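One structure is given here, and the rest of the page talks about it.
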Amino acid sequence: MAKKNQYPVTRYTGVPVENDGNGGYQLKRDASGAAKLHVWRTGKHTRGKYTGIGQLMLTENNLLVMIVAAEPMAFKDRHQEVPLQRFLTTTATPGLVEQGRTLLEEG
């Protein structure tokens, strides 16, 4: 039973994406050409609803991220991760999701 002022917290693993110039998205790569996984969580003020793997979200720094994994997180552990700003209604293509999932499996 959740206590007053507690809310369900989910931990999301995602990879930053960027516009590919053709109306789609591609993995955002760093200077060395690597795409990196990062972790965020739902926060008290997170907007939107999580619908599934491949969904795009915005971080509090307005970074566009594709979700590749989601798992419940204990409310008391929430300060270990940075909250996300909002879930978008956009989802990545199956090919892009596969690239992200491969990164997760290699990690």
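The values are calculated or read from the model by the stated rules, or taken from the named source; none is laboratory data. Here the structure is a predicted model, which is why all the values come from computation and not from measurement. Virtual Cβ from ideal backbone geometry, glycine too; neighbours counted across all protein chains shown. Ligands, DNA and RNA are stripped out before the accessible areas are found, and what is left, the full protein with its side chains, is counted by its heavy atoms. Shrake-Rupley method; radii C 1.70, N 1.55, O 1.52, S 1.80 Å.
Here are Met73, Met57: which of them is in contact with a Phe, Trp or Tyr (Cβ under 7 Å, 6 or more places away or on another chain) and either at pLDDT 95 or above or hydrophobic (A, V, I, L, M, F, W, C) (or both)?
Met57
Of the conditions (1) out of contact with any Pro (no Cβ under 9 Å at 6 or more places or on another chain); (2) surrounded by fewer than 15 Cβ atoms within 10 Å (Cβ to Cβ); (3) on the phi < 0 side of the Ramachandran plot; (4) in a loop (DSSP other than H, G, I, E, B), His45 satisfies every one except a single condition; which number is it?
Every listed condition holds for His45 apart from (1).
For the subset of the stretch 8-18 comprising residues that are open to solvent by 50 Å² or more (accessible area, probe 1.4 Å) and at pLDDT 95 or above, which member is farthest from Gly107 (Cα to Cα)?
Residue satisfying both the conditions and the ranking: Glu18.
Out of the stretch 19-42, which residues are in contact with a helix residue (DSSP H, G or I) (Cβ under 9 Å, 6 or more places away or on another chain), open to solvent by 80 Å² or more (accessible area, probe 1.4 Å) and farther than 16 Å from Leu103 by Cα?
none
Here's the yes/no breakdown for (1) assigned to a loop (DSSP other than H, G, I, E, B); (2) closer than 17 Å to Gly24 by Cα; (3) open to solvent by 40 Å² or more (accessible area, probe 1.4 Å):
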position	(1), (2), (3)
Lys49	yes, no, yes
Gly52	yes, no, no
Leu56	no, yes, no
Met66	no, yes, no
Ala69	no, no, no
His79	no, no, yes
Phe87	no, no, no
Thr90	no, yes, yes
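When you look at Asn5, is it surrounded by fewer than 10 Cβ atoms within 10 Å (Cβ to Cβ) and in contact with a Lys or Arg (Cβ under 9 Å, 6 or more places away or on another chain), yes or no?
When the stated conditions are applied, Asn5 passes them.
Residues being under 12 Å from the mean Cα position of the chain (by Cα) and among the hydroxyl-bearing types (Ser, Thr, Tyr): count how many of those fall in the stretch 51-102.
Residues meeting the conditions: 3.
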